[in-house]
Amino acid sequence: MNSPANVGGSRMLLRKLREIMEAGGSAQERLNRLVAMVAATMVADVCSIYLTRGAFHELFATQGLAPDAVHRTRLRSGEGLVGLVAETAQPLNIADAPHHERFSYRPETGEDPYQSFLGVPIVRSERTFGVLVVQNSVQRVYGDDEVEALQTIAMVLAEMVAANAFGDLSGLADVEVRPSRPELLRGKAFSDGIVIGTAVMHEPHAPLGRVIADDPVKEEARLDAALAQVRGALTEMLEGDPGRISGVSREVLETFVLLASDPSWEVKLKHGVRAGLSADAAVERVRGEHRAKLNASRDPYLRERLQDLEDLDNRLLRALAGVDGAAAQQMPEGAILIARELGPAELLDYGADRLRGVALEEGAGTAHAAIVARALGIPMVGALPGLLSRVEAGDTVVLDGETGEVRLRAEDQVISAYQQRASLRSARAAEFARLKDTPAISKDGQRITLLLNAGLALDVHHLDDVGAEGIGLFRTEFQFMVSETLPRLDSQTLLYRDVLEAAKDRPVTFRTLDLGGDKVLPYVKAEREENPALGWRAVRIGLDRPALLRYQLRALINAASGKRLRVMFPLVTTVAEFEAARALVNREMEWSRRFARETPAHVEVGVMVEAPALAWSIPALKGKADFLSIGTNDLMQYFYAADRNNGRVADRYDVLSAPALRFLSRIRQDADAAGLQISICGEAAGRPLEALAFTALGFHRLSMPASGVGPVKQLVLSMDVGAAQKAVTQMLEDERPSIRSGLTAFAREQRLAL
Ligand code: PEP
Ligand code: MG
């Protein structure tokens, strides 16, 4: 590996680099001295710096190639080995460069005799804006320590360019070190709303300050202390109360602890500081490598590991900066959070009052972070490839949660156009507010019950704001996700009581804990499963380990004493599972009676239709269940075999397709035949066009995020259910992938409010 001599060599390299920078001379002279020094120290025949100007990688300085090629040799983006390094943002180390398929011969450089090639990207904040190259005339593969040394130089160089250390260098003004032009990124709308604010990075680029350490010994001590802190915190988590959720495997956390104690991670970090980098810069460099590999990898297993590693790098950076957690960072007014991906618990951790909007590079609209964003009323756009490399903290961001567009550093006129759109939206919102006490009755007299999806006590006030008739889905797991530790019986009871009180006499349907999948608790890492969506989640956990579920049912029964209690179970797949879950309710009612507590005046026990198998068992639920609610988010992911959390497939299929709508129609008919009340509570119910289709199929109860109630009510008031039913029935006769456009045309024809 890295011998002390090589480490000493790297340190000398950095010291010399600093001397060059501190000495006088023009920027070009300093750059020339820098390449000469790197070539000499690394015993290379050539050292060159290419910087990216527009669509070209331009030779800015060289030792060894023809001097008059400087600023003349320009490789097109993606051209040659330099282009390959810039494209992949990864080092390229080859012994026989001229025979590489991407080799591009440039006679003006006089590079014929050079065989071996080592190129590393000059990258900062995930943005590659140049390539640093060494070449030798003999065929050789460069050693790991040489690759690392060159990466270290490239990193320092990147920071120097970014800090304007070569201010007057010819052509440098065109090198896009940090993006400055207005840009439009198109993604997917996850949570409605138009906002203008300031970019804040979820995992900020460390404010490095010093890149080169003044005192490497001190830096190593800082690194050691931070490593000990991160490892200590993880071990504490692992050794924390084992009974919190009995039986949930700790395998994941163990893997994490194992990664944190992996000597190769530490060696890499140490190598950075011993080479003369500050501790923060050493971590930043390793993080950069992990990120580059993550961006290049499609293998889900590898990606997960790299994400874990990046998470560890981030923890370490925070420990060095003395910051407690990502969510603890200072937020400017009007913060728009920028992240690759965000878990629902992380979003809850930030809280609605600190965020104006969220933009994600990845993510999916039916994932729980998106649901939480809608519940909190935070506009969110996701599936924005390249976002992290295009935005810098402090940039102005216009986030359009209606169209899924994000505008970075927009011009004033564009901003004022969005401000106008935002005020038009407020006018529409005022129009919805006027309707809040009007019941949703269609033109042909059909009454549609509009209910709210909620998850926090805070959400309940939306009942009055938007005029919903009750809560059709209360996601109880949110309380668990925002807590540091498992909520105790009394705090669960308190929340449920508050919700029932705030709802006054409107019905509230509590859904029991729906954990697993992407809903993980911060204090209990669930076992890593090959297919979490098909894994041990929701009621499956509840039935296998009934203590937690029984506790929750006890809290619900306590909270609803003397009142009406509606409970439903998530992801039930068979009638037997429902019966087992219902038996737990009966048992807890018994328990309550035995201890002479006042029980609820009336208990209704329902089930979510989320698994296709249960959807085909509805006649058998007759007399057993009191009501059904279709969770289209999950039902559609299982129906279409498309992971709702995977941005690449989540929106591939449309709930407004003939097979999906026929399926839903069949469920509704079976429910009616069995005399079971049925509703739809997936996110789709809150979108007017989908709501139009559902009411046409005979659904009279829809439960949705608060933002959907106004628009759906306006639609119902303007529609004729009979006419819609006829139109939809006809459209379902065709085998088209989506009836969306047909239904939109119908809505226009009928002048429906969409
Ligand atoms: C659903 O699956 O449609 C649903 C409402 O539940 P959740 O989104 O919480 O899984
Ligand atoms: Mg669900």
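Residues being crowded, with 21+ Cβ neighbours inside 10 Å, within 16 Å of ligand 2 (Cβ to nearest atom) and either assigned by TED's automatic domain parsing to the domain that holds Ala533 or farther than 24 Å from Arg506 by Cα (or both) are represented in segment 554-568 by at least one member.
Could you tell me whether segment 526-547 includes any residue that is hydrophobic (A, V, I, L, M, F, W, C), away from ligand 1 (no atom under 16 Å from the Cβ) and modelled with pLDDT of 90 or more? Checked against the condition, which is being hydrophobic (A, V, I, L, M, F, W, C), away from ligand 1 (no atom under 16 Å from the Cβ) and modelled with pLDDT of 90 or more, segment 526-547 yields at least one hit.
The set of residues in segment 143-177 being farther than 17 Å from Ala89 by Cβ and not in a helix (DSSP H, G or I) consists of Gly143, Ala163, Asn164, Ala165, Phe166, Gly167, Asp168, Leu169, Ser170, Gly171. Candidates are the residues of segment 62-75 that are free of Cβ contacts under 8 Å to residues at least 40 places away in the same chain, more than 14 Å from Gln135 (Cα to Cα) and in contact with a helix residue (DSSP H, G or I) (Cβ under 7 Å, 6 or more places away or on another chain); the one that is surrounded by the most Cβ atoms within 10 Å (Cβ to Cβ) is Thr73.
Count, please, the residues in segment 715-751 that happen to be more than 35 Å from the chain's Cα centre (by Cα) and of a type in the set (A, V, I, L, M, F, W, C). Matching residues across segment 715-751 total 10.
Filtering segment 313-336 to residues that are at pLDDT 85 or above and assigned to a helix (DSSP H, G or I) leaves Asp313, Leu316, Leu317, Ala319, Leu320. With a requirement of 2 or more residues that are farther than 24 Å from Asn633 by Cα, the helices (runs of 4 or more DSSP H) lying completely within segment 414-525 that satisfy it span 462-466, 489-502. Ala613 fulfils the conditions (1) aliphatic (A, V, I, L, M); (2) in a helix (DSSP H, G or I); (3) touching a strand residue (DSSP E or B) at 6+ places or on another chain (Cβ under 6 Å) except for a single criterion, (3). Here Ser180 meets each of (1) modelled with pLDDT under 90; (2) farther than 17 Å from Ala61 by Cβ; (3) touching a helix residue (DSSP H, G or I) at 6+ places or on another chain (Cβ under 9 Å) with one exception, condition (3). Scanning segment 113-134 for residues that are of a type in the set (D, E, K, R) and part of a strand (DSSP E or B) returns Arg124, Arg127.
Restricting attention to segment 22-69, the residues being charged (D, E, K, R) and assigned to a strand (DSSP E or B) number 2. Can you tell me which residues in segment 640-689 are away from ligand 1 (no atom under 14 Å from the Cβ), among the hydroxyl-bearing types (Ser, Thr, Tyr) and under 28 Å from the mean Cα position of the chain (by Cα)? Result: Tyr653, Ser657. When Leu635, Leu628, Leu614 are checked against the criterion of being under 23 Å from Pro705 (Cα atoms), more than 11 Å from ligand 1 (Cβ to nearest atom), surrounded by 18 or more Cβ atoms within 10 Å (Cβ to Cβ) and modelled with pLDDT of 95 or more, a single residue qualifies: Leu628. When segment 623-650 is filtered for residues that are closer than 20 Å to Ile739 by Cβ, in a loop (DSSP other than H, G, I, E, B) and in contact (Cβ under 8 Å) with a residue 12 or more places away in the chain, the ones remaining, listed by number, are Tyr640, Ala650.
The values are calculated or read from the model by the stated rules, or taken from the named source; none is laboratory data. As the structure is a prediction and not an experimental result, all values here were calculated from the model. Heads up, the Cβs are rebuilt from the backbone with ideal geometry, glycines too, and the neighbour counts pull from every protein chain shown.
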